[in-house]
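Read-outs throughout are calculated quantities, based only on the coordinates presented, and are distinct from any laboratory measurement. Since we're looking at a predicted model, the values are computed, not measured. We place every Cβ from the backbone using ideal geometry, glycine too, and count neighbours over all the protein chains shown.
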Amino acid sequence: MRLVAATGNAHKVKEIRKILKGYEILTAAEAGFFEDVEETGTTFLENALIKARAVCSATKLPALADDSGLCVDALGGEPGVYSARYSGGGSKENRALLLKNLQGVKDRRANFCCAVALVFPDGRELTAEGRSYGEILTKERGNGGFGYDPLFFSDDLNKTFSEATEEEKNAVSHRGLALRALEKLL
Ligand code: IMP
């Protein structure tokens, strides 16, 4: 089956391709979709559905969207759906702001959350969610991954997502869990 990944994030597409091995995953650009869909939802699931519906309706192909983010307990679940836009800058600035907001904070529990939505041209919609738990370090560790990975010390892996191989991260990550749950529904 051919699916369009409704995201401009190359790291996410790479992870989706590795996790959903039996599917041909096109990027939005490969399917001729270049718009930036505004994420107006207040939950990960709402935003995933908004993106998947927009790409499916424009490309007439089944569209798979992921909306994800980091939820930090001591910050009341922030940055949450605003993870990508937390500092107004890029990933490096987002990580710096997170460390600043957690300065002196002892409880550093956090989880990555991912909602995925698959929308078909005939109107069918499938959704699934996944969460991966860990702690926010006080200093970055590792070179791999993207976003908040260097600060996220995974309970499952006993190292940061940045220190993990792609396979290790995908086996326990929020995106891996959500996509494998979606695959079961398929
Ligand atoms: P989205 O594109 O609106 O879903 O934004 C997700 C944001 O959450 C990304 O830009 C990252 O900052 C963060 N994020 C989501 N998944 C991951 C991950 O697997 N590792 C690190 N950061 C992530």
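Some points to look at:
- Spacing of the two label points (7 Å from each Cα toward its C-beta) at GLU167 and THR42, in nm: 4.4 nm
- Here is the list for segment 1-45: trypsin sites (Lys or Arg not before Pro) lying in DSSP coil, each with at most 12 other C-beta atoms within 10 angstrom of its C-beta, are LYS21.
- Estimated dipole of the chain in Debye, rounded to 20 [Cβ of Lys and Arg +1, of Asp and Glu -1, Cα centre]: 260 debye
- Sequence-separation-based contact order of segment 67-110, relative, with Cα cut under 8 Å and 6+ spacing, percent: 38 percent
- By the beta-carbon count within 10 Å of each Cβ, the least crowded to most crowded order of THR27, THR43, fewest first, is THR43, THR27.
- Relative contact order (%) - criterion: Cα under 8 Å, at least six apart; region: segment 2-185: 20 percent
- Alpha carbon convex hull of the chain, projected area averaged over orientations, nm²: 9.8 nm²
- Gain in span if fully extended, THR138 to ARG124, counting 0.36 nm per residue against the direct Cα distance: 0.7 nm
- Applying Stokes-Einstein at 37 °C and 0.692 mPa s to the Kirkwood radius of segment 108-186, computed over alpha-carbon pairs, gives a translational diffusion coefficient of 249 µm² s⁻¹.
- In segment 28-135, GluC sites (Glu not before Pro) in a DSSP loop with at most 15 other beta-carbon atoms within 10 Å: GLU30, GLU35, GLU38
- Helix 91-101 and the long axis of the chain differ in direction by around 40°, with both axes built from C-alpha atoms.
- Remark: PHE153, PHE112 ranked as PHE153, PHE112, counting other beta-carbon atoms within 10 Å and listing the fewest first.
- Helix 10-19 vs. the chain, principal-axis angle (Cα, 0 to 90°, nearest 10): 70 degrees
- Cα-Cα over 19 Å, subset of LYS139/LYS159; LYS12/LYS92; LYS106/LYS139; LYS18/LYS139; LYS14/LYS169; LYS12/LYS169: LYS18/LYS139
- Nearest 10 degrees, 0 to 90: helix 44-59 Cα axis against the chain principal axis: 30 degrees
- 17 Å reach of a label modelled at SER57, 7 Å along Cα-to-Cβ, counting backbone N of segment 5-32: 6-7
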